Amino acid sequence: MIYTPLHGAHGLPSAMRDACVNGVRRIDSAQQLWPEQLETAMPDPQRPALRYPSVNANGPYLQLFDHGEAAAKELTIELATRPEACNSATLRVLRNLTARADAAVGANPGYHPFYRFAHDASSLLFMESAPLGTLAHRATMVSPGPGLSTHLPGFASDRGVYASAHAEQAKLVAYARDKYRIALDGSSVSITALAGLLDKLHAFYVHERGKQPANAAFSSAIATSWAIRAGSYLGSVIASQIGGQWGYVTRGQRRLTVVRTHRGRVCHPHLQVLDHIINGAHDSVARWYAQLAVSDASACARADDLACRIPRLCAMLLGQGDVADGACLPLEAQLPRDKLDYSFASLRPLEAWLGLVRQRHAAGELAAPLLARLIDAAGAYLGEVIRSNTPDASQWQWMNYDDMVRAHPAFARQRPRARDFLVFLDSVEYTTYPLASISAVLTDARAESLQDYARKLLPHSAGDGANPLAPADIEQWPADPKMDLALDKVRNAIMKWRRAATAADYDTLYAGNPGWLGNDSLAEIYRRQHMLLERGMVVWASLVQANNALFAEGPHDMPALLAYSLDRHFEARPQALQRVAQALFAYKGKDVPAPLQHIATCLSNELQRPQDLALPDMLTRRRVMISAFLAVRKHMPADVMQGAWFPVLTHPDTLCLMIAPRQFWPQELVTAWKSGAMV
């Protein structure tokens, strides 16, 4: 983007104007350069620094670095300078930077500087430039490789930005209707009416500015207020009528609200309105919008543009506000909206609900439009979970099928123009189809789970919610007296019941064979449940994985896999067992260390029934086993798996395990289970 004085844009070389994909702004006020409230300041990062004596007589001086490793004494400066900017003056600035860093390292022996270039060509131009002098200390230059560039953050669509813009434009619509009797109906034609209002504001601005002394700094609060509301309206019309998405870009330590058209142009509607108010008809939003409607119109029909409606589709699934326009989803009463927080873990209850919908769909009870609406909403949510858990929010972009085909005609030969592919996520490395994943889950119970689908696209730490586990983590886990007391109460309740229990009492706790197990080894529980109830000991266990049907109401008991231990260390630390279970599940479907290979095989092949497989000491020095078990619904509060850990019955005469029946749980444990506090 280039800024010029008012009326100065025509003096620019045409090549320079053409290179500015975001346009040329004509500046007549400092308010346009530093637009109060239109840019969000980001927290200043914690940056390491070295103190060294400066040639300046005022004394010590600090040399800042972008980040560093204190233990290794390694300090890094990030250099994102583009090759096109590496002229002699810029390169001299970079050389001066290395000289200052060299002096700082000299005053702090043992430190080693790294210069990390975002563009390989820039690093070559730097190395070929004339040095200012000889550096006294060694430094390392890092580049992405011959001809390559590091991906830098760009546009990131954002649901919060969309919601804020939606609220602000609604205020403008109401104000224009009540104050001026002007209907701003969200159409392209309405931008002309908006421009008329801004012309009046320009006249008011000029009048107010004329009252100020010459050359005095002047910032109009009214101009800012209108820039926020009218800019939100302008951006919303761009997104809906031309085709685009609300989001942000970063500039230094500031975040700018923008709209990105489906053709890739980043627009600043708030600044466009501000420029109209300050510069007048020279920068009319109506003329600018008309040009944008020609240059950046989406190839997608407005009714098919799902990319611009992603936040609305997610809001429909979550039942938020009035954005659903009265649209409903099947089995809304069973939809676990309180658990849909865009986390990786939220995909599990979502899939359990989709399993219920699948049963209705198989019975032919869902109309096609209702099913299509569900796929759109759940697919949008699944894609947003992936985006929300990716460290660089700009890595993934929502893309309409028609816009992709216009940009890359060969894409039409790779994918058909089908409902499941009308909108998808695109990145530099991958293209992935969340709607198709939802459609598969709704039609096939054996389809890849949503978590497995997302795990392939997410970094390890984001997808599994856990960092690598070390044995010391479990050893140093703090005790939880409440959990220690809860386990003790379960034990006491079972012992008291045993002293007076009759055959009829046992019968009420027995699980009935569902019939589908056949010769499955888990059927052994029906022969051993009396012994476990009569003589079993109570310990904590944590869920590793389970059949998705267990996370929603249903008629059948289902298989699952748990981690448990007889070690007293875990009696006050069931959360530590959960951490072990998380670490195990994180290895599912991935390359694993040799000591975990046999366990990873059991995780991937869910038909295997491991019994008392001891974990290697790479995870914990305590004895922890994993075992398959049958999760009996009548033994769990609410008949649903809602907790990550729970008390189980075990006995040395059998490999079977059983969840301690809920009748023996203290009320505080039942409440924690139902409220989701044990996850």
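Here, each number is a calculation from the coordinates, and none is a lab measurement. Everything numeric in this text was worked out from a predicted model, so none of it was measured. Reconstructed Cβ throughout: ideal geometry from the backbone, glycine too, with neighbour counts over all protein chains shown.
A few comments on the model shown:
- Summed residue charge, Cβ within 11 Å of LEU38's Cβ, Lys/Arg positive, Asp/Glu negative: 0
- Among residues other than LEU132 with Cβ under 14 Å from its Cβ, the summed charge is +2 (Lys and Arg +1, Asp and Glu -1).
- Between region 404-428 and region 612-669, the alpha-carbon center distance in angstrom: 46
- Across region 131-147, rounded Karplus estimates of 3J(HN,Hα) from the backbone phi angles (6.51 cos²θ - 1.76 cosθ + 1.60, θ = phi - 60°) give x, 7, x, 7, 7, 8, 10, 6, 9, 10, 9, 10, 9, x, x, x, x Hz, Gly and Pro being marked x.
- Spin-label model distance (nm) - ASP480 vs GLN212, 7 Å beyond Cα toward Cβ: 5.8
- Taken over the chain, lysine pairs spaced eight or more positions apart, or on distinct chains, with alpha carbons under 30 Å apart number 25.
- Nearest 10 degrees, 0 to 90: helix 368-388 Cα axis against the chain principal axis: 80
- Toward the positive end of the charge dipole of region 61-142, with +1 on the Cβ of Lys and Arg and -1 on the Cβ of Asp and Glu, the farthest Cα among LEU79, ALA121, ALA89 is that of ALA89.
- Taking the Cα centre of region 471-675 as origin and assigning +1 to Lys and Arg Cβ atoms and -1 to Asp and Glu Cβ atoms, the resulting dipole is close to 300 debye.
- Overall size of region 446-561 from C-alpha positions, given as principal axis extents largest first: 54, 40, 24 Å.
- Highest to lowest packing among 445-453, 389-397, scored as the average C-beta count within 10 Å: 389-397, 445-453
- Taking every C-alpha pair closer than 8 Å and separated by at least 6 residues, the mean separation divided by the residue count of region 295-444 gives a relative contact order of 29 percent.
- Spatial offset of region 72-97 relative to region 238-311 amounts to 33 Å, using the alpha carbon center of each.
- Once you reduce region 100-144 and region 193-223 to the center of their Cα atoms, the two points are 49 Å from each other.
- Cα convex hull volume per residue for the chain (Å³): 229
- Region 1-148: Rg to Rh, with Rh as the Kirkwood radius over Cα pairs: 1.05
- Region 471-675 pair-distance distribution - Cα-Cα, 10 Å bins, rounded %: 8, 36, 38, 16, 2, 0
- Residues in region 227-265 reached by a label modelled at ALA193 [backbone nitrogen below 19 Å; 7 Å Cα→Cβ]: 227, 229-242
- For region 199-298, the alpha carbon positions stretch 46, 32, 19 Å along the principal axes, listed from largest to smallest.
- Annotation: amide H of ILE182 within the under-5 Å range of ARG177, sequence separation 5 or more or interchain, hydrogens built in the peptide plane.
- Once the chain from ARG415 to ALA638 is taken as fully extended at 0.36 nm per residue, the excess over their C-alpha distance is 75.9 nm.
- About the centre of its Cα atoms, region 49-142 shows a dipole size close to 260 debye [charges on the beta carbon of Lys, Arg (+1) and Asp, Glu (-1) only; nearest 20 debye].
- Once backbone amide H atoms are built at 1.01 Å from N, VAL258 has GLY247, TYR248, VAL249 as its partners under 5 Å, excluding neighbours fewer than 5 places away on the same chain.
- Taking label points 7 Å from Cα along the Cα-to-Cβ direction, ALA297 and ALA203 give a separation of 3.4 nm.
- Here the relative contact order of the chain, from alpha carbon pairs under 8 Å that lie six or more residues apart, stands at 9 percent.
- Taking 0.36 nm per residue of sequence separation and removing the Cα-Cα distance, the ARG499/GLN597 pair yields an extension gain of 30.8 nm.
- Relative contact order for region 49-142, counting Cα pairs under 8 Å that sit 6 or more residues apart, in percent: 31
- For region 324-398, applying the loop criterion from DSSP together with a ceiling of 13 other beta carbons within 10 Å to the GluC sites (Glu not before Pro) yields GLU365.
- In loop segments of region 191-225 as defined by DSSP, the trypsin sites (Lys or Arg not before Pro) with at most 11 further C-beta atoms inside 10 Å of their C-beta are LYS211.
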